[in-house]
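The values are calculated or read from the model by the stated rules, or taken from the named source; none is laboratory data. These figures come from a predicted structure and were not determined experimentally. In this analysis, Cβ positions are derived from the backbone assuming ideal geometry, glycine residues included, and neighbour counts consider all displayed protein chains.
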């Protein structure tokens with residue numbers, strides 16, 4: 001009896017992993033990863049030897065839908081991440097303002113830019129945040145997924161010095177193709 005339970009448990013665990021990987025694969029439009037960055041997203045493969053094991057554990061614990069980092073010398077750890085999808089909500093000036101206030105009140109930094117744009121033909125909130133210590137800039141998008149039922153938060157972060165140079169590649173998400181509902 002015990003071996004059968006173990007097999008059923010392994011089968012259930014395998015089905016759960018498959019469901020999670022399918023859910024993560026459906027993040028469309030998917031934010032572009034800047035050239036030269038290392039993709040540490042779930043299901044992409046094993047991290048390179050240059051990746052700090054603590055960072056790998058952090059990514060696994062947070063269960064990001066996607067995560068990439070610039071590991072090249074002088075990059076200051078510039079990174080991109082996508083949080084797990086959340087239930088869909090309205091995206092408009094009011095909700096963008098509420099999100100900005102939440103980030104500011106949590107001590108995440110100061111909002112220096114906020115606007116409504118489009119991602120995949122759908123409304124999206126775009127925020128630019130300066131870290132409280134003034135060292136980092138973060139570009140954050142909240143947008144609707146193609147499935148029409150969920151929203152995702154995608155963020156790019158770079159040192160203040162490198163942000164201006166990288167911003168154009170970060171903003172390519174705004175040019176993502178029209179989203180068709182499934």
Legend entry - Filter result (in contact (Cβ under 8 Å) with a residue 60 or more places away in the chain and either under 18 Å from residue 137 (Cα atoms) or out of contact with any helix residue (DSSP H, G or I) (no Cβ under 8 Å at 6 or more places or on another chain) (or both)) within segment 85-125: 86, 87, 88, 91, 120
Inset, instruction - For residue 36, indicate whether it is at positive phi, in contact (Cβ under 8 Å) with a residue 24 or more places away in the chain and crowded, with 18+ Cβ neighbours inside 10 Å. - result: no
Inset, instruction - Look at residue 114 and say whether it is over 29 Å from residue 60 (Cα atoms) and either in contact with a strand residue (DSSP E or B) (Cβ under 7 Å, 6 or more places away or on another chain) or surrounded by 19 or more Cβ atoms within 10 Å (Cβ to Cβ) (or both). - result: yes
Inset, instruction - Confirm whether residue 105 is touching a strand residue (DSSP E or B) at 6+ places or on another chain (Cβ under 9 Å) and either closer than 23 Å to residue 162 by Cα or at pLDDT 85 or above (or both). - result: no
Legend entry - segment 22-41, residues that are touching a strand residue (DSSP E or B) at 6+ places or on another chain (Cβ under 8 Å), assigned to a loop (DSSP other than H, G, I, E, B) and at pLDDT below 80: 27, 29, 30, 31
